[in-house]
Amino acid sequence: GGRPDHAFPSVLIAGTNGKGSTAAHLASILRAAGLRVGLYTSPHLVRFHERIRVDGAEIGDAALEEVLERWWPRFEAEGPSFFEAATALAFDHFARERVEMAVVEVGLGGRLDATNVLVPRASVITTISTDHAEILGPTLRRIALEKAGIIKPGGTLVLGVRRAEPRAAILEVAARQKARVLLMGRDGRYAARNVAAAGTDVWIKTASHAGVVRTPLLGQHQARNAALAALAAEVALEGRPATQIAS
């Protein structure tokens, strides 16, 4: 129909760092749970198709051409930004491919981002720092409030931010939106057990799962991203038959 963004449930992921790997972890957990999963990320390294994946497969040339053809008149008329256009194409592709869940990385910021048309099962905020101060305002608090724009009224926030000032700002918005908050460190815990060439072993505990997962991504911070993804997966899968979470 006219609103592909209403065609599938989703999880939105914002933050300064760790968005991409948290999104990748989450998509693999949801696929392991048996769902057909769309993954929308940016930027691309080699070609545009990388941004739009269904069950790990990049959008094909023919599908991209078809969806571009369908949207081109609107793009001509409305002159969207590159990112807005890409987002429309991704959501249309996901709707056509009948994904059961979309994992969507927010572009820059949050509140005004093109991805924010979604009403997600969970909004995830990974970290806050001042990478883009020139775009998002001078203080961590301002940046935090910008990212907190993805928290929906009555929604669920999965929060990885640890720094006191931005965390407090985000929690204020969550309270105003009457959103449920799951905090990394309280509702989800993790420990990197073994960081080796083959990957990182991470012990993760959430309300429904405790155990060790292995991620091929390296480093302590990947342990944190994996744990954040597990916490988000728990929210995304609520109300579904229980499945073992494994990445």
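The values are calculated or read from the model by the stated rules, or taken from the named source; none is laboratory data. Because the structure is a prediction, the values reported are computed rather than measured. Reconstructed Cβ throughout: ideal geometry from the backbone, glycine too, with neighbour counts over all protein chains shown. In case anyone asks, the SASA skips ligands and DNA or RNA and just uses the protein heavy atoms, side chains included. Shrake-Rupley method; radii C 1.70, N 1.55, O 1.52, S 1.80 Å.
Summary of values
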read-out: Long-range neighbours under 6 Å by Cβ, at least six apart or interchain, first residue more than 19 Å from Gly107 (Cα to Cα) and of a type in the set (Lys, Arg) within region 31-49, second open to solvent by less than 30 Å² (accessible area, probe 1.4 Å) and at pLDDT 95 or above; value: Arg31/Val37; Arg36/Val99
read-out: Residue among Val161, Val99, Val119 that alone is farther than 30 Å from Glu69 by Cα and assigned to a loop (DSSP other than H, G, I, E, B); value: Val161
read-out: Pairs where the first residue, in region 119-134, is open to solvent by 30 Å² or more (accessible area, probe 1.4 Å) and at pLDDT 90 or above and the second is of a type outside the set (A, V, I, L, M, F, W, C) and in a loop (DSSP other than H, G, I, E, B), C-beta under 7 Å, 6+ apart; value: Val119/Lys152; Arg121/Pro9; Thr127/Gly15; Thr127/Thr16; Thr127/Asn17; Thr127/Gly18; Thr127/Gly160
read-out: Tally, over region 178-216, of residues that are buried (at least 16 other Cβ atoms within 10 Å of the Cβ) and in a loop (DSSP other than H, G, I, E, B); value: 4
